[in-house]
Structure formats: structure tokens, C-alpha cells
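Down below is the structure, laid out as C-alpha cells.
The values are calculated or read from the model by the stated rules, or taken from the named source; none is laboratory data. Just so it is clear, the structure is predicted and the values come from calculations on it, not from any experiment. A quick note on method: Cβ atoms are made from the backbone with ideal geometry, for glycine too, and the neighbour counts reach across all protein chains shown. Just so you know, the surface numbers come from the protein's heavy atoms only, side chains and all, with ligands and any DNA or RNA stripped out. Shrake-Rupley method; radii C 1.70, N 1.55, O 1.52, S 1.80 Å.
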Amino acid sequence: MSQLQNLRPTNLKDLPLLDGYSLETSDPDPPRLPLLTMLKLALRTWPYMRPLLKHLIVLLALAGAGMLTGMAGLFVGADLLLNKVLIGEKLQPLQATVLFVDNEYVTADPQQLGESQDNNKGSAGTSNNVELEPDEQLTDEQRRTVRNRLILWGIVGGVIGTLIGLGSWYYGTWIWQSVNQNLRVAMMERAESLSLRFHDQARVGDAIFRVYQDSAMIVNVIEGAIISPIFTAFALLTAFAVVIFFDPLIAGFALIAAVPFVLLLIRSTRRIQRRALANRVANSDLTSHIQESFTAVKVLKVNGSESQIHEQFETDSKRALDAAYHLRLDMVLLTLAIAFIGGILVIGTEYVLAFWVIEERETFLGAAVAALIGFAIWNLATFEIARGRLEGLAGSARYLLGIWMRLQDLFIALRRAFELLDTPLEVTESMNPDAYPQPIQSISWNNVSFAYRDETSSVLTNLSLSAEAGTVTAIVGATGSGKSTMMSLLLRLFDPDEGEVSINGIDLRDLRIADVRQNCAIALQKNVLFNETVANNIAFGAGRASRADIERAAEIANADSFIRALDRGYDTELGERGGKLSAGQRQRISIARAVVRDTPILILDEPTASLDARNEQRVLANLAAWGTDKIILMITHRLSTIRNADQIALLENGRIVETGTYAELTQRPDGRFSTFAQSELTRDSLDSSS
């Protein structure tokens with residue numbers, strides 16, 4: 001029990017009801033969202049809806065038909081129950097047809113009832129007590145028949161309406177989620193297309209939150225900004241028309257009540273926008289913190305930093321909770337204010353309607369439709385319908401307010417989603433790309449300069465280097481000298497600020513990006529393995545590599561023997577991030593993954609950093625025998641790895657200061673490579689002694 005208590009969340013005393021409720025000056029200031037901007041954002045959802053246009057039309061048609069049918073059923077049902085069943089008035093012809101009764105139930109003259117009630121004005125009692133002529137009154141048996149058939153129609157309509165409603169809900173859910181899928185895929189494709197310069201500066205958790213959470217707002221925007229306002233406005237206008245139908249004076253009361261409604265809406269919009277952005281930013285930060293914590297879980301445990309990370313998580317989580325809570329509290333308070341105004345309208349108007357019922361006042365246009373439905377004068381049915389429409393007006397206004405407030409949050413989220421889509425691509429396709437050269441004879445960096453964004457100093461400065469097919473080129477240098485950046489430029493993960501990287505003399509920017517990357521394979525020092533089988537991990541990115549190709553690549557990487565020793569050999573599941581393997585084994589799997597692609601260019605980034613001397617020499621010998629027709633580039637600082645390289649290039653501060661073979665460079669006693677090699681030997685000696 002004590003262990004469970006230790007796992008309890010923050011004590012409720014730490015979550016006061018209104019703590020920090022006032023708008024702080026540190027809250028993020030969102031961009032303004034005028035109606036035109038919101039309309040533009042809504043229109044930008046069209047490309048993701050267009051593939052589902054036919055389904056959207058069908059869904060809207062079903063919803064519109066359902067609303068009209070429900071409205072008609074409400075009017076007819078109210079008249080039948082209150083005027084026919086309870087009072088005993090005879091039916092209009094259309095009502096008799098719907099209920100399948102004969103002409104004995106039908107009034108002889110649709111206007112006669114209104115005239116009869118007019119003649120009784122001034123007598124004691126209300127319209128509900130009007131004495132009808134015997135030939136204009138339903139018998140008790142007829143009233144029971146009307147009641148029973150009305151109940152039967154109610155049951156049939158309820159069952160059919162429920163089935164259609166459930167089907168429409170399921171159909172609509174499928175449509176909205178398909179639209180969300182279209183946007184989410186587009187955002188993911190865009191994120192993957194952005195250069196590493198963007199990803200180096202952006203938080204992974206923020207991108208995850210935008211792709212997964214902010215993109216989902218397109219569904220709510222479609223429903224909240226397009227579908228719901230259309231139907232709510234339709235319901236509002238219909239209710240307003242019905243109110244005018246009964247008496248324009250009531251409509252005037254509703255217009256007066258609309259004034260404070262509009263004022264509250266205007267005053268509250270900017271505040272809701274600020275709350276919405278604060279909520280999104282806080283939850284994005286929380287997602288980033290969770291992602292970073294789980295990624296570095298081993299480091300946290302080794303350094304005993306769990307309590308520090310927990311405190312930071314608790315702070316971020318509380319901030320996200322507060323932001324969400326304050327946003328919804330603002331919405332609730334504003335909704336209560338509007339509900340109060342609507343309540344005053346309904347209650348005040350009910351007194352007026354009650355007097356009209358007592359006076360048996362004529363309705364404004366009721367006599368015009370007396371042939372269809374009996375609302376010629378103010379009676380119980382007229383009172384109930386008018387009051388219901390007034391409540392509908394107030395409810396629709398309150399619902400529109402809710403839509404408007406939610407739209408501020410939705411459009412803030414949608415804007416964040418489109419910001420990712422609008423991020424400019426630094427690495428772009430050529431309008432008329434050249435064919436990829438075959439076979440590859442050489443690659444060159446020609447006077448290349450490059451700097452990361454927001455950095456004043458260049459990572460590479462006027463760098464030039466060439467490598468020929470059938471050779472191994474080792475690129476060495478201290479940490480931060482620009483080795484990995486050179487390889488990133490070769491893969492077109494970035495483009496140089498000056499100069500060019502070329503293959504067979506063709507600038508990479510004149511080739512298709514996919515061709516550039518499909519013809520390069522890379523084995524990284526930081527191995528990324530998936531919770532998949534060994535075979536699938538090796539074949540990752542190699543298309544349909546055969547089992548023979550996979551096993552051959554593993555042999556070259558000197559990994560075949562330990563793979564076959566696993567429980568299920570090549571079909572063994574590696575677990576999360578390859579947790580079942582040692583660092584050296586993971587590195588050999590990474591090398592095999594690069595080899596199986598059989599590309600003309602192979603990049604090895606610290607390929608043997610986790611290998612012992614024996615495995616290192618075997619892997620290097622196998623790679624040399626395998627890559628006789630390929631360009632192999634090795635980024636390393638281990639002297640044992642580069643001794644047999646055909647060419648060694650030493651980088652210092654983004655410049656190549658020396659090139660040559662190992663023997664040539666070490667014969668220069670005062671050369672920079674000799675100094676570098678001596679420092680590496682000293683460091684290796686210290687590492688061995690420790």
C-alpha cells in the first residue's frame with residue numbers, strides 16, 4: 001500500500017482552483033486570427049477533404065434531410081398531441097393521411113375552427129376550454145385512435161432515426177479520420193523532407209505533438225468551422241422564422257438580447273486565443289520532455305537523476321494542466337454569462353406568451369397554414385412550440401458561442417500544423433534533374449563552405465577533396481572539425497552555402513534527391529535498431545533484399561556467427577533499440593545494413609568504435625575485398641582503422657590541412673597528421689592503462 005501511495009500524483013493542495021488564473025504577461029502572444037485568416041485556414045483543409053468529396057456530400061445530405069424531417073415531425077406531433085388528442089380538434093387532411101384514418105376525422109372546413117374560436121373570444125376560460133361544435137370535435141374513441149397511431153409513428157420514427165443516426169455517426173467518423181490521415185501523412189512527409197538544419201534546432205517532442213495532436217484538429221475544424229456552424233445557423237434561422245411566424249414582437253425581443261451576446265463575444269475572443277496558445281505550447285513542451293526523458297533513460301539511471309527529471313516533469317505537467325484548465329474555465333464562465341442572458345429572454349417572453357394565450361390572440365401567420373396544421377390562435381400547442389423555439393434560439397446562440405470559442409483553440413492548433421507544412425525546404429529538387437551517372441567514377445567537394453543557421457562561424461571553409469572508385473578514403477580530425485558535416489553534404493541532407501559537391505563532375509543539386517540517397521549507404525556510430533528481427537533490421541532500407549543477400553552482408557560485417565548463435569538466428573527479435581545485443585554487435589548489424597544495399601558509395605562513421613582489435617581487422621579486410629569497385633569513406637579517429645586507407649584527409653576547423661597515405665603523412669615529423677596521430681596514441685595508451 002505504501003508503494004502505491006508513493007506513486008500518487010501531485011497532492012490536490014498543490015492544485016488550487018484559481019491559482020494563476022489571471023492572464024500573465026509571460027503568456028505567449030498568439031498571432032491575431034481575424035475572420036479572413038480563419039477562413040483562409042479553413043480553405044486550406046480542402047486538399048485533404050477533396051478525395052472524400054462524394055462521401056461529404058452524402059453525409060451532408062443525410063444530416064440536412066434528418067434535420068428537416070425532425071423539424072416537420074416536431075410541429076405535426078405537437079399539434080396532434082396538444083390540439084387533437086387533448087382538446088379534440090379534428091384533423092387536417094394531411095394529418096389524416098399520415099395517420100391512415102378516414103374522412104370522419106377530418107374537419108369540414110380548415111378555417112371553421114379558427115372562426116369558431118374567434119366567436120368564443122371574450123368568454124370565460126382559455127382557448128383550451130373552447131367548446132367545439134359536435135361535428136368539429138373528435139369522439140373519445142377517435143382521440144384514442146389518434147393517440148395510439150401517434151405513439152406508433154413515434155416508435156417507428158425513433159427506431160429509424162436511431163439507426164440512421166448511428167450509421168451517419170459511424171460514416172462521419174470514418175470520413176473525418178480519413179481527412180486527418182491525409183493531413184497527418186502530408187505533415188510527416190514534410191517533416192522528413194526538411195533539412196537536418198531544421199531538425200537540429202527543433203525539439204522532437206514538438207514535431208511529434210504537431211503531427212499527432214495538432215493535425216487532429218482538422219477534424220474538429222471541419223466539424224466546428226464548417227459543418228456545425230452551417231447546421232446551427234440553419235437551426236437558428238429556422239427558429240427565428242418560426243418566432244416571426246407566430247409574432248414579430250418576440251423576434252424583436254430576441255434581437256435585443258443579441259446585443260450583449262455580440263459584445264461579450266468580441267471582448268472575450270482575444271483572451272481565448274491567448275489561453276489556447278498557452279495550452280498548446282505547454283502540452284508541446286510536456287511531450288518534448290517525455291520524449292527526451294525516455295530517450296535518455298539509461299543516462300538518467302547511471303547518473304541517478306531520476307528525482308531531478310521527475311521534478312521537471314511535475315512542473316511541466318502542472319503547467320500543462322493549468323493551461324488547459326484556465327482555457328476551459330474561461331469558456332465555462334463565458335457560456336454561463338450567455339446562458340443567463342438567454343434565460344432572461346425565455347422567462348420574460350413566457351409571461352407575454354401566457355397573456356396572449358389567455359386573450360386567445362391570433363397568431364401572425366397561423367391562419368395561412370391552418371389547412372396543414374392548427375396554429376391559428378394562441379393556445380397550449382402554440383405556446384409550447386413558441387417557447388421551444390425561443391429556447392432553441394437561446395440554445396443555438398449558446399452553441400454558436402461554444403463553437404466560436406472552440407474555433408479559437410482549433411485554429412491556433414491548425415495554424416501550428418500548417419506552420420510545419422509551410423516551413424521552407426532548404427534542400428529542393430531540380431526542375432530538370434540530370435540522370436544519375438553510372439558507373440560512379442569519383443566524388444568531389446569543390447571549394448565548399450557551410451555554416452549552420454544562427455551560427456556566425458562556418459563549419460566548413462573552402463574545403464576541397466576528391467575520392468576515386470575502388471579506393472578507401474579516411475577522413476580524420478578532432479571532434480567538431482566538420483567530418484560528419486561533409487558526409488551530410490554528400491547525402492544532400494544540407495546544401496553547401498558556397499561551392500559544390502559533385503559526382504562524376506555533376507553537382508548534386510542537379511540530380512534527383514532520391515537518386516543521390518539511394519546510391520549512398522551509411523553505417524552510423526550511433527546505431528539505430530528497431531524492435532524487429534535481425535533480418536529485418538539488416539534489410540531496413542534495402543527494399544526486397546533476399547535472405548541470401550542479408551546473410552552475405554552479415555558475413556562481410558563479421559556478424560553471421562553471433563547472429564546464428566541467437567535463439568532464433570536471423571529471426572530473433574532484437575527488442576527496443578536492439579537491447580539484446582552488445583554495443584559491438586549492434587555496430588556490426590549497422591555495417592551489415594549498409595553493405596546489403598550494395599551502393600556504389602559507402603560511408604562508415606566510426607565503423608569500428610565499439611569493436612575489439614580482432615573483429616575490427618576482420619571487418620576492415622572484408623570491406624576492402626568487397627568494395628573493390630566502390631568509393632568507401634571512413635570517418636574515424638582510430639589509427640588502426642586508417643592504416644590501410646588509400647587516402648587520409650585531416651580536417652582542422654573545417655579545412656583539410658593534409659592529405660596522403662598513412663606512410664606519407666607519418667613521414668612528415670613536423671606535419672599536422674603526425675601531431676594528431678601522436679595525440680591519439682597517447683589517448684589510447686591512457687585509455688588502456690585506465
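Selection of segment 637-662 for residues being closer than 18 Å to Ile443 by Cβ and crowded, with 18+ Cβ neighbours inside 10 Å yields Ala645, Gln647, Ile648, Ala649, Leu651, Ile656. Taken together, Gly64, Gly73 contain a single residue that is in contact with a Gly (Cβ under 7 Å, 6 or more places away or on another chain) and not aromatic (Phe, Trp, Tyr), which is Gly73.
Just name the residue that is nearest to the chain's Cα centre (by Cα) out of those in segment 224-263 that are modelled with pLDDT under 75 and open to solvent by 60 Å² or more (accessible area, probe 1.4 Å). Selected residue: Ile230. Scanning segment 389-403 for residues that are touching a Leu at 6+ places or on another chain (Cβ under 7 Å) and of a type in the set (Asp, Glu) gives no hits. Looking only at segment 612-636, residues that are assigned to a helix (DSSP H, G or I), of a type outside the set (A, V, I, L, M) and either open to solvent by less than 30 Å² (accessible area, probe 1.4 Å) or touching a His at 6+ places or on another chain (Cβ under 9 Å) (or both) come to 2 in all.
Restricting attention to segment 60-89 and to residues that are open to solvent by less than 30 Å² (accessible area, probe 1.4 Å) and not hydrophobic (A, V, I, L, M, F, W, C), the residue that is farthest from Asn148 (Cα to Cα) turns out to be Gly64. The condition of being at pLDDT below 75, open to solvent by 70 Å² or more (accessible area, probe 1.4 Å), assigned to a helix (DSSP H, G or I) and farther than 30 Å from Thr97 by Cβ holds for only one of Glu311, Glu292, that being Glu292. Taking the numbered list (1) modelled with pLDDT under 90; (2) open to solvent by 50 Å² or more (accessible area, probe 1.4 Å); (3) out of contact with any Asp or Glu (no Cβ under 8 Å at 6 or more places or on another chain) in turn, Met486 passes all entries but (2). Restricting attention to segment 90-104, the residues that are without any contact (Cβ under 8 Å) to a residue 12 or more places away in the chain and open to solvent by less than 50 Å² (accessible area, probe 1.4 Å) add up to 1. Just one of the listed residues (Asn537, Asn622, Asn519) is among the polar types (S, T, N, Q), modelled with pLDDT of 80 or more, more than 39 Å from the chain's Cα centre (by Cα) and under 30 Å from Leu639 (Cα atoms), and it is Asn622.
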